[in-house]
Structures are given as C-alpha cells and as structure tokens.
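Let me begin by presenting the structure, written as structure tokens, before commenting on it.
Please treat every number below as a calculation from the coordinates, not as lab data. This one's a predicted model, so the numbers in the text were calculated from it and none came from an experiment. So basically every Cβ, Gly included, is an ideal-geometry build from the backbone, and we count neighbours across all protein chains shown.
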Amino acid sequence: MDPARMPPEIWEALCRRCGKCCAEKVEMDGVIYVTKKFCRFLDRGTKTCTVYPQRFRAEPDCASTAQGLPMMIFPADCPYTKGIEGYIPPRETWDDPAVDDFIREVLGEEAV
C-alpha cells in the first residue's frame, strides 16, 4: 500500500488503534525489539495519540507511516504492513535476558 496513492482519510482509517507503533523500540544486533515504554502522548486507555494533529512537533521522534514502514517499526499484524514483500516486523516477545538488560540500559527498568 502506498500512502501517496490513497486519500489521507482512507489511509488513516486503516489504523486499528493498537498503540504498538507508539511503543519505544530498540535495535540490538540488527533486530528491532518493541519495549513496554510508550510515548508520553499515547492515551493508554483509548490507544490514541493525545496530540495527533501536532504529533511531529510535540514529539520529534514520532515517525509517520511513510517513514516507519521502511524502518520496519510496525508490528506484523499492522494493516499498513500488509503486502510489503520482505517486511520484517519488530520482535514483540523474546526469552533472552541479554535483550532485557540492553533495554534497561537504554530506556530504563519500566521499558522491560
């Protein structure tokens, strides 16, 4: 899917409001991991951004879908990733204490 070929309201409607894109990610040894630390502007109840129209100004690290897709930061079940050949989603689960230690070092205890 190409956001440039769809009306913005149709593209935006694809989002199912899981909130996973708003989780901090870390990269370790070429693998991206989704952490348990979320953007400060994510309403955890509704899983929506509280500053959505101004999100890029309010949070400079916020990535648009067009930016995030090539970075492979969206989960495997994200509607925006459907049909992208070779898309490798970030890891959402793991059983590796080294990954936990790395996340703690980079983002703090609350991210693990």
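A few comments on the model shown:
- Put simply, the convex hull of the Cα atoms in the stretch 1-59 casts, on average, a shadow of 5.4 nm².
- Nearest 10 degrees, 0 to 90: helix 97-107 Cα axis against the chain principal axis: 70
- Under 5 Å from the amide H of LYS37 lie the amide H atoms of GLU24, each residue being 5 or more positions distant or on a separate chain, with H modelled from the backbone and absent for Pro and chain starts.
- Neighbour count of at most 13 Cβ within 10 Å plus DSSP loop: longest GluC sites (Glu not before Pro)-free window in the chain: 1-84
- Coil-residue trypsin sites (Lys or Arg not before Pro) of the stretch 60-112, DSSP, other Cβ within 10 Å capped at 12: LYS82
- Long-range tail of P(r) for the chain (Cα pairs > 18 Å, %): 53
- Extension gain for the segment ALA98 to ARG5, taken as residue separation times 0.36 nm less the Cα-Cα distance, is 29.3 nm to one decimal.
- About its Cα centre, the chain has a charge dipole of approximately 600 debye under the convention of +1 per Lys or Arg Cβ and -1 per Asp or Glu Cβ, with nothing else charged.
- Cβ-based charge dipole, the stretch 3-111, positive-most Cα from PRO53, GLY83, MET71: PRO53
- Lysine pairs with alpha-carbon atoms under 13 Å apart, the stretch 5-108, spacing 8 or more or separate chains: 5
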